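Please treat every number below as a calculation from the coordinates, not as lab data. Fair warning: this is a prediction, and the values are worked out from it, not measured in the lab. Positions of Cβ are generated from backbone atoms using ideal geometry, with glycine treated the same way; all protein chains shown enter the neighbour counts.
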Amino acid sequence: MIEYENLREVNRPYWGEYQKSLADALERGWFVLGKYVEEFERAFAVYCGCNYAVGVASGLDALILSLKACDFEPGSEVIVPSNTYVATILSIIHCGHTPVLVEPDPSTYNIDPDRIEDAITPKTRALMIVHLYGRACEMDPIMDIARRRALRVIEDCAQAHGAEYRGKRVGSFGDFGAFSFYPTKNLGALGDAGAITCGDERTANKLRALRNYGSHKKYYNDYLGINSRLDEIQAGFLLKKLGDLDAINSHKRQLAGLYRARLRPEFIKPAEAAEQSHVYHIFNILHERRDELREHLLSNGVKTEIHYPVPPHKQRALMPLLNGSYPVSEKIHRSTLSLPISTCHDQSDILRVIDIMNSF
């Protein structure tokens, strides 16, 4: 069986280092906001090309705290892609704001810059763009719109650690970059974890307080914050793996190259562009007979995933809040299939998947 993902094997090369890191944390007896969090924050900021990184408990919290740091008036509108994962939209709602959905470019799955301005109203305060599946968005036109319209930009980088646009890494374009280190991510922890990147010290300090009950000093609260601190032990694990992130991304690009070169044309593959690098957290294809194809693969020993089976505006919890028609998003969600592409796979695994797909 070719698993879609195998986190035991993905993390096996790090077991020894993880054990040392855990033993050190146990010996020090310091488990919240300690030296590993500080070291990881510095290293991750440098990696992303940002001045600051602030560790938090999850990718969702990274988005929520980014919005909270903006201090928008309640009911502000935030533009977001119509085909994103539900967490992106939940962050807007939980902060008391209104998500405004904009359709993606069907060739990239990322928000279509040409559709953004039509969605802007006097209540619009921010663009929350998503580097979906690991491909960087078209940041030049997005940032141009933001500057002209005086809008904040929050990058959802949960799936795109290390992806670049014109040689600059995601998370370094907007006011905030929100990252998830969920275990399946290219840079994955052994539990939930996240981080926010930003460019100025004042914002970083505010985020540090917001993640810690709104407090800069223990028992003195300056903001209405929450408890969302990156776990010291997880930070130690992430610090060990960060040095290999470029190699992880390179491996996934090599596997993606096999899919791109050898899958039959009927399987619609993600488009590539020289100025937008892709780190392939997910390698998705589109096929009108997606469910039959998935069953064909499973019956031949290949597991797959669907990211995602239901578009946000069709989710029961969100239907009362999201209005409009989103045919591009619906087509993507109806026909997308995610294929195995992990550091636990080698070229022979991918060639086997390709042969089975081409026999469909």
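Each peptide in 238-246, 331-339 receives the mean, over its residues, of other Cβ atoms within 10 Å, and ordering these scores from highest gives 331-339, 238-246. Please find the FRET efficiency linking E17 to E272, where r is the Cβ-Cβ separation and R0 is fixed at 30 Å, and quote it to the nearest 0.05. After rounding, the FRET efficiency stands at 0.35.
Answer rounded, prolate or oblate for the chain, using the Cα gyration tensor with square roots of eigenvalues a ≥ b ≥ c: rounded when a/c is under 1.5, else prolate when a/b is larger than b/c, else oblate. Since a/c reaches 1.5 but b/c is at least a/b, the shape of the chain is classed as oblate.
Phi-derived couplings, Karplus 6.51 cos²θ - 1.76 cosθ + 1.60 at θ = phi - 60°, listed residue by residue for the range 264-269: 4, x, 5, 8, 6, 9 Hz, with x used for Gly and Pro.
Per DSSP H run of n ≥ 4, the term is -39500 (n - 2.57); total these for the chain, divide by its residue number, and report the mean residue ellipticity at 222 nm rounded to 500 deg cm²/dmol. It lands at -12000 deg cm²/dmol.
Order these peptides, 223-229, 302-308, 159-165, 62-68, by their mean beta-carbon neighbour count within 10 angstrom, highest first.
Numbers: 223-229: 16.1, 302-308: 17.7, 159-165: 25.0, 62-68: 28.0.
The peptides rank, most packed first, as 62-68, 159-165, 302-308, 223-229.
Summary of the geometry: the range 156-208 and the range 293-321, compared by the centres of their Cα atoms, lie 26 Å apart. Relative to one another, the C-alpha centroids of the range 229-244 and the range 7-65 are positioned 2 Å apart. Taking every DSSP beta bridge that has both ends in the chain, the antiparallel portion is near 60%. Treating only the Cα positions of the range 1-123 as identical point scatterers, give the base-10 log of I(q)/I(0) from the Debye formula at each q in 0.14 Å⁻¹. So the normalised log intensities are -0.91. 3J(HN,Hα) couplings calculated from phi for the range 127-134 with the Karplus curve 6.51 cos²θ - 1.76 cosθ + 1.60 (θ = phi - 60°) are, in sequence order, 10, 10, 9, 10, 7, 6, 6, x Hz; Gly and Pro show x.
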